[in-house]
Amino acid sequence: MTRADLSLVHEIQEPEGEAGSGKPALIMLHGRGADERDLLGLAGHFDRRLLAISARAPYVLGPGYHWYELRQIAEPEPRSFARSVQTLLKFIDEVPDAYGVDRDQVYLLGFSQGATMTGAVGLTEPTRIAGAVMLSGYLPLDSGFEIDRSALAGRSFFIGHGSMDEIIPVSLGRLANDYLTGVEADLTYNEYAMGHQIAWPEIEQIGAWLTERLDRAERE
């Protein structure tokens, strides 16, 4: 049953197998103008050991929601962005006790604005998550956050971007690739012949990436 007392409204998809504590979790963050139902359908294509948690952004935008006010592409409004990042970090901290999740096995996956939120957590609080999946977004490198570059070495990132993205240009995905390569992150970077969307080849590769890391964690 979904908990209503956490910092973000959300929906969940339970993992397969026996109920119990210590399960891994995937927190999913939608894009601008969507809601918590937007990405949840992807969970059925990923490793079913994962508890999928799809969260709603805190700011209302017409019929949907958004994570921050937008000045222009790749330039979030600082105050709303910082507030959402802090709310998301609180939510990440609440999830393990609320749902019996292993604190060391919490993954973030975001699309568009959700990817930028994922990148913000991955850059500033890399030990709070086991891995970051950024789809059609960008790293908020110039948003005033303190970044310890040395703490990013070996941290797991998956970046997927459409080579024909008409909303967030692929050049921003390539900048993220260059930055994370430079800090020696454990990075998987892929481009796809698509626009601002999520396509099946990308879903397959994300699924394989997640399963590889879950298997590795079980062996350790």
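The values are calculated or read from the model by the stated rules, or taken from the named source; none is laboratory data. As the structure is a prediction and not an experimental result, all values here were calculated from the model. Note: ideal-geometry Cβ built from the backbone for every residue, glycine included; neighbour counts use all protein chains shown. Side chains included, ligands, DNA and RNA excluded: accessible areas come from the protein's heavy atoms. Shrake-Rupley method; radii C 1.70, N 1.55, O 1.52, S 1.80 Å.
Numbers for the structure displayed
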{"quantity": "Residue within the range 147-163 that is open to solvent by 40 Å² or more (accessible area, probe 1.4 Å) and among the β-branched types (Val, Ile, Thr) present", "calculated": "yes"}
{"quantity": "Residues of the range 1-60 that turn out to be modelled with pLDDT under 95 and within 16 Å of the chain's Cα centre (by Cα), as a count", "calculated": "0"}
{"quantity": "The range 152-176, residues that are assigned to a helix (DSSP H, G or I) and touching an Asp or Glu at 6+ places or on another chain (Cβ under 9 Å)", "calculated": "LEU152, VAL170, LEU172, GLY173, ARG174"}
{"quantity": "Flag for SER112 being among the hydroxyl-bearing types (Ser, Thr, Tyr), surrounded by 22 or more Cβ atoms within 10 Å (Cβ to Cβ), in contact (Cβ under 8 Å) with a residue 24 or more places away in the chain and under 14 Å from SER7 (Cβ atoms)", "calculated": "no"}
{"quantity": "Some residue of the range 176-197 being free of Cβ contacts under 8 Å to residues at least 40 places away in the same chain, on the phi > 0 side of the Ramachandran plot and acidic (Asp, Glu)", "calculated": "yes"}
